[in-house]
Amino acid sequence: MAEQATAQIGVTGLAVMGRNLARNLARNGFAVAVHNRSPERTRRLVAEHGDEGTFVPSESLADFVGSLERPRAVIVMVKAGAPTDAVIDELVPLLEEGDIIVDCGNAHFADTRRREEALRAYGLHFVGTGVSGGEEGALLGPSIMPGGSAESYRKLGPIFEKIAAHVDGEPCCRHIGPDGAGHFVKMVHNGIEYADMQLIAEAYDLLRAGLSASPAEIAEIFREWNGGELGSFLIEITADVLGHTDAATGQAFVDVVLDQAEQKGTGRWTVQSALDLGIPITGIAEATFARSLSGHADQREAARRVFGDAGEKWQVDDRETFVEDVRRALLASKIVAYAQGFDHIRAGSREYDWGIDLGGTATIWRGGCIIRAGFLDRIREAYDAEPELSTLLVAPWFAERVSNGVSAWRRVVADAARAGVPAPAFGSSLAYFDGLRAQRLPAALIQGLRDDFGAHTYHRVDRDGSFHTLWAGDRSEVEA
Ligand code: 6PG
């Protein structure tokens, strides 16, 4: 056993994310206990970075726990699923009442709820924490979304707020809410990330087809956009990726990458959860399905053989107007994606009684995370001004962008359809907007059909109550 408890917080699981989080903690002046199943990683961390701060290495889990001040705070940074459960099972007998286990992986919020409840029975705190920003963020300042008890945040808050990214002096970390709230919000963050990336990819594809431009030329367009309302980390790195040349072939890098997008599952979880909650996150769903479609190489090949390549010859006449149209369509579609994501968080918060502050969530996404973007400040302002805002689309700053962009949006979606360039997320975002603003929706006909074949009843616009028409009889209406 370690001779005395000297570490303020511990990290077990020292693959790249765990290692970088541990280094970030040490660099910020915290004494960090470090442990990894195979001790080689622990030794390497201390050998390579021991001079960055105070690391307290242990080779056994018991020594690791023994090296921590009470209440102990142990960050688990292992693969989501069974490996996380295995580490928790090993830790529990070594911990005492009031100690805290923090899961910083991308766990499903339902697993986090289950684990939190199970550990609460032992008097332990389980804190599912979303961490965004990739490897670099973990080291230099991520966005941190901790769930779990308010009591655990009293210990963790000052530590996490110090190591998180900061924007305008504010840390990109705050207590999201109890049990699975942190992992839920991180899940939706990733869903928005999927939508954002798909929209960017569609914009690139449209620019490439319409302008017959090279990836390097399109990189310049994105670089310019990054200086304006679209300014964000993802737009910035799009310019980098599009501008990159493959060393082996001399071709544009994007042309030598297989066009099949993968996923680890957080986008899929977001869509599944939204279906359960009845929230139409159509942009995120389209983005997730677009990745799936790209992976069905056999079907794509079969369709290409029968129908030929989708692309018709397409050359826009006014290049400048077209680029501006795509920019406006991208901004409007992106606003839809964020509006839907925040609707989803609100619904999850109500369902699970988490009390999530939407403006606060936007605040901690302004820095460190993958979807960090200039307009998160506007989202924060919108929810701070009106916490019960029905949809972000109607908040003044966003409503103005959508109104100004709507004709461009329609032109781009129509041009894409005419040219046979797939733009599912652009198209579905526009349809969502039109759906919301429609005076009457054909949902009325759906209700009629349901009543006809299944006597499922309907409501009327002019009277209260439920009604059924005797379709197979004299077609009179009865109150149901
Ligand atoms: C982040 C990222 C991170 C990871 C994604 C990738 O916020 O730092 O979202 O969590 O890069 O999970 O997800 P896919 O592999 O599913 O695209």
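The values are calculated or read from the model by the stated rules, or taken from the named source; none is laboratory data. Being a predicted model, the structure only gives us computed values, none of them experimental. Don't worry about glycine lacking a Cβ; one is built from the backbone with ideal geometry, like all the others, and counts go over all protein chains shown. The protein model used for the area step is the full one, side chains on, heavy atoms only, and it has no ligands, DNA or RNA in it. Shrake-Rupley method; radii C 1.70, N 1.55, O 1.52, S 1.80 Å.
Note on the stretch 124-156: among residues that are part of a helix (DSSP H, G or I) and away from the ligand (no atom under 15 Å from the Cβ), the one that is most open to solvent (accessible area, probe 1.4 Å) is ARG154.
Considering every residue within the stretch 355-364, establish whether at least one is of a type in the set (Asp, Glu) and part of a helix (DSSP H, G or I). Scanning the stretch 355-364 turns up no residue that is of a type in the set (Asp, Glu) and part of a helix (DSSP H, G or I). Contact list please: Cβ distance under 6 Å, first residue in the stretch 9-25 and open to solvent by 30 Å² or more (accessible area, probe 1.4 Å), second residue of a type in the set (D, E, K, R), pairs at least six apart or on different chains. From residues that are open to solvent by 30 Å² or more (accessible area, probe 1.4 Å), the pairs are VAL16/GLU135.
Close Cβ contacts (under 6 Å, 6 or more residues apart or on different chains) running from residues in the stretch 449-473 that are on the phi > 0 side of the Ramachandran plot to residues that are part of a loop (DSSP other than H, G, I, E, B) comprise THR457/SER466; THR457/ALA480.
This table checks each residue for (1) of a type in the set (A, V, I, L, M); (2) without any contact (Cβ under 8 Å) to a residue 40 or more places away in the chain; (3) in contact with a His (Cβ under 9 Å, 6 or more places away or on another chain).
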{"position": "PRO39", "(1), (2), (3)": "no, yes, no"}
{"position": "LEU45", "(1), (2), (3)": "yes, yes, no"}
{"position": "SER58", "(1), (2), (3)": "no, no, yes"}
{"position": "GLU97", "(1), (2), (3)": "no, yes, no"}
{"position": "PHE109", "(1), (2), (3)": "no, no, yes"}
{"position": "ALA118", "(1), (2), (3)": "yes, yes, no"}
{"position": "GLY128", "(1), (2), (3)": "no, no, yes"}
{"position": "GLY134", "(1), (2), (3)": "no, no, no"}
{"position": "ALA138", "(1), (2), (3)": "yes, no, no"}
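There is at least one residue in the stretch 329-337 that is touching a residue at least 12 places away in the same chain (Cβ under 8 Å) and farther than 19 Å from GLU193 by Cβ. Here PRO422 passes the criteria (1) farther than 23 Å from TRP314 by Cα; (2) open to solvent by 10 Å² or more (accessible area, probe 1.4 Å) except the one numbered (1). Taking the criterion of being open to solvent by less than 60 Å² (accessible area, probe 1.4 Å) and within 18 Å of PHE322 (Cβ to Cβ), the residues of the stretch 217-234 that qualify are ILE218, ALA219, ILE221, PHE222, TRP225, GLY228, LEU230.
Does any residue of the stretch 109-123 turn out to be within 13 Å of the ligand (Cβ to nearest atom) and buried (at least 23 other Cβ atoms within 10 Å of the Cβ)? Within the stretch 109-123 (the criterion being within 13 Å of the ligand (Cβ to nearest atom) and buried (at least 23 other Cβ atoms within 10 Å of the Cβ)), the answer is no, since none of the residues qualifies. Restricting attention to the stretch 187-213, the residues that are within 11 Å of the ligand (Cβ to nearest atom) and among the aromatic types (Phe, Trp, Tyr) add up to 1. Go through the stretch 152-203 and give me each residue that's among the aromatic types (Phe, Trp, Tyr) and within 21 Å of the chain's Cα centre (by Cα). Residues satisfying the conditions are PHE160, PHE184, TYR194. The residues in the stretch 245-273 that are buried (at least 16 other Cβ atoms within 10 Å of the Cβ) and away from the ligand (no atom under 16 Å from the Cβ) can be counted, and the count is 3.
Could you tell me whether any residue of the stretch 298-310 is open to solvent by less than 20 Å² (accessible area, probe 1.4 Å), touching a Gly at 6+ places or on another chain (Cβ under 7 Å) and either in contact (Cβ under 8 Å) with a residue 40 or more places away in the chain or within 16 Å of the ligand (Cβ to nearest atom) (or both)? No - not one qualifying residue is present in the stretch 298-310.
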